[in-house]
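Beneath this line is the structure, given in structure tokens, with notes to follow.
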Amino acid sequence: MFDHVTIHVSDRAASVRFYETVLAPLGHPLTASDSHFDEWNDFGVAQAFEERPPTRGLHVAFVARSREDVDAFWLTGIGAGYADDGEPGVRPQYHDDYYGGFLLDPDGNSAEAVYHGRAREGDNVVDHLWIRVSDLDETRRFYETVVPVLGLRVASTRPERFHVAGDDRSFALVRGEPTENVHIAFPVPDEATVDKFHRVAVLAGYRDNGPPGERQYHPGYYGAYVLDPDGNNVEAVHHG
């Protein structure tokens, strides 16, 4: 579902230490690092700067292979001095087999390891996101506009939240103090779909954050960017 999720951090070295420490017990090693980004497959961190302040108020859950891995994630983080955000345990309010443990990263974002009682499909490190929004109805309209182009769907609509769902992954948009400065990129099959994503969003009145085109990240990287109603950066990308 996610091509990549990138957070901007106030202290890159401190955030890399946190994520390296707690993702290692889940079997998610650092896969790439350069002058701009550190990446664990589909999750990355980048140094914040004036035009791109730190990400705040995000909840990101990472795939765990077992309940024991969830325990190890949490115990390793607590042992390294990081803040608890919820001890490992069953969360039946989500489903009967949902087992999660929660920590806070150096910028106060909530990081979770979760096991659903079965293996997750694919190689993604990110299991799901919770993104808080200031206006749930307006955010729903935004996603109802763009997700058909991305091959996703709006699902599980409730008064306090709704989900965007894909193949064995989802993310939730939740009413609350809004999440700030997160970047979510979705894979699409060709450049024409990138163009359509941008065109549909801009024609619907949403803010352009970068027109379709090839980017500097690697040859064939073709992306386009728009801002959601709270100013978070949403991208469609084709890798050629």
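The values are calculated or read from the model by the stated rules, or taken from the named source; none is laboratory data. The shown structure was predicted, so the numbers you read here are calculated from the model rather than taken from an experiment. Note that each Cβ is placed from the backbone with ideal geometry, even for glycine, and that neighbours are counted across all protein chains shown. Quick note on the areas: whole protein, heavy atoms, side chains included, nothing else; ligands and nucleic acids left out. Shrake-Rupley method; radii C 1.70, N 1.55, O 1.52, S 1.80 Å.
Details
- Share antiparallel - DSSP beta bridges, the range 1-95, percent rounded to 5: 60 percent
- Among 81-93, 121-133, the order from most to least packed when residues are scored by Cβ within 10 Å on average: 121-133, 81-93
- Tilt relative to the chain, helix 136-150 - C-alpha long axis, 0 to 90 degrees, to 10: 70 degrees
- Residues residue 11 and residue 120, FRET efficiency given R0 of 35 Å [Cβ-Cβ distance, rounded to 0.05]: 0.70
- Span from the the range 223-237 Cα centroid across to the the range 85-157 one, whole angstrom: 18 Å
- Accessible area, probe 1.4 Å, largest first, for residues 227, 30: 30, 227
- The phi-based Karplus calculation (6.51 cos²θ - 1.76 cosθ + 1.60; θ = phi - 60°) puts the 3J(HN,Hα) values of the range 195-201 at 4, 5, 3, 5, 4, 4, 5 Hz, whole numbers, x for Gly and Pro.
- In terms of the mean number of neighbouring beta-carbon atoms within 10 Å, the peptides 17-24, 32-39 order highest first as 17-24, 32-39.
- Using a probe of 1.4 angstrom and keeping all protein chains present, the accessible surface of the chain works out to 44 square angstrom per residue.
- Share of carbon and sulfur in the accessible heavy-atom surface of the chain [1.4 Å probe, %]: 47 percent
- Relative contact order of the chain, taken over Cα pairs closer than 8 Å and 6 or more residues apart, is 19 percent.
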